[in-house]
Amino acid sequence: MSVLEVTGLTVDFRQRGAPPLRAVDHVSFALEAGKTLALVGESGSGKSTVVRAVAQLAKPAAGTIVLDGRAAGRRGRALRAYRHKVALVFQDPFASLNPIHTVRHHLVRPLSLRPGAPRGAALEEEVRELLRSVNLTPPEEVAGKHPHELSGGQRQRVAIARALATDPDVLLADEPVSMLDVSIRLEILNLLDRLKRDRNLALLYVTHDLATARHFSAEIMVMYRGEIVERGPSDEVILRPAHPYTQLLAAAAPEPGASRSTLAAARQARRASQAARQAARAAGAGRIAEQREAAAGAGCRFRGRCPHAMEICATRPPDATVGPAHRALCWLHDPAAAGAAPSELAG
Ligand code: SF4
């Protein structure tokens, strides 16, 4: 059963002297207890804006968020209650902790916000228990330290402990390991995975790394310029990517289990996309112009980079079912469109 349901989430950024830029366009998904959903895409695709909007740090232009069957509170006590249940782990463990406060201080504050918050010795024991749960030991020693006395991995463990202090049902992890040393990334991801199971958390894992998305998630959504262009079971999306954009991402980080034909198609897609991009640049079709065009609803927003673009891609937005629970916004998988215009295949 879904803990958090997001429907039609849309976020616009105001621009001086120009129409608003649509950063997130009608994104819908559901998070289930004890499961991880990965949100994958390049920088600038809108992933972090989705997280900020779901955490109610950015105001959506449209859409609904339902937590445990109730519409998310948007202000006052209802908003505070929502934030207790929907916690956030930021990307940068160096910026997310206050350098003048001890680890204990970072944990005591959210602990004391809980209904029936512990006090005195019980509060101190809760601090120690939180530190133990993220493998920061001995907890008495760690609690008295300041952020500058900790490594990047230890700081991110403190940030995770702080997120858990309000006893949330949902954890939004926004690129939680991208700023850490490669050597400790796996440890932190394993920690998040264990905490998800132990606490029955619904976890949204935001990343640009397809390999960890596959390993730690049951389902993957791929985002491109504010839109979910592909979604489905993790193995399906990674080993048999259906959307040319996902194929590009897969080509950048090939999976050991991917088939030869998938890898070859991914390499070809990457080369063709680079050529299409250069051609678009030469023609003066910049990113902002493309985004505005896409915001106006004119067809597939990946067509400027797509090696398979057809005429129909410029005029109508695609949507196709690739397999059970696997969808891709691509005309290539629409039998009617592919049959009607096979000669229009380009690249
Ligand atoms: Fe490429 Fe057309 Fe598919 Fe978009 S809809 S990804 S342009 S083939």
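The values are calculated or read from the model by the stated rules, or taken from the named source; none is laboratory data. Please read these numbers as outputs of a predicted model, since none were measured by experiment. We place every Cβ from the backbone using ideal geometry, glycine too, and count neighbours over all the protein chains shown. Each accessible area value is taken on the protein alone, full model and side chains, heavy atoms only, with ligands, DNA and RNA left out. Shrake-Rupley method; radii C 1.70, N 1.55, O 1.52, S 1.80 Å.
Numbers at a glance
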item	result
Selection within the stretch 148-162 - open to solvent by 10 Å² or more (accessible area, probe 1.4 Å) and either touching a residue at least 40 places away in the same chain (Cβ under 8 Å) or not in a loop (DSSP other than H, G, I, E, B) (or both)	H148, E149, L150, G152, Q154, R155, R157, R162
Strands (runs of 3 or more DSSP E) wholly inside the stretch 1-89 containing at least 1 residues that are within 15 Å of the chain's Cα centre (by Cα) and assigned by TED's automatic domain parsing to the domain that holds V206	2-15, 18-32, 36-40, 86-89
Top-ranked residue of the stretch 209-242 - restricted to ones that are in a loop (DSSP other than H, G, I, E, B) and closer than 15 Å to S45 by Cα, ranked as least open to solvent (accessible area, probe 1.4 Å)	G226
Options I228, I160: the member that is within 16 Å of the ligand (Cβ to nearest atom), hydrophobic (A, V, I, L, M, F, W, C) and touching a strand residue (DSSP E or B) at 6+ places or on another chain (Cβ under 7 Å)	I228
Filtered residue count, the stretch 39-62, keeping only those that are within 18 Å of L329 (Cα to Cα) and in contact with a Lys or Arg (Cβ under 8 Å, 6 or more places away or on another chain)	5
The stretch 87-128, residues that are surrounded by 14 or more Cβ atoms within 10 Å (Cβ to Cβ), under 20 Å from R199 (Cα atoms) and charged (D, E, K, R)	E126, R128
Among the candidates S48, S133, residue that is touching a residue at least 12 places away in the same chain (Cβ under 8 Å), touching an Asp or Glu at 6+ places or on another chain (Cβ under 7 Å) and among the hydroxyl-bearing types (S, T, Y)	S48
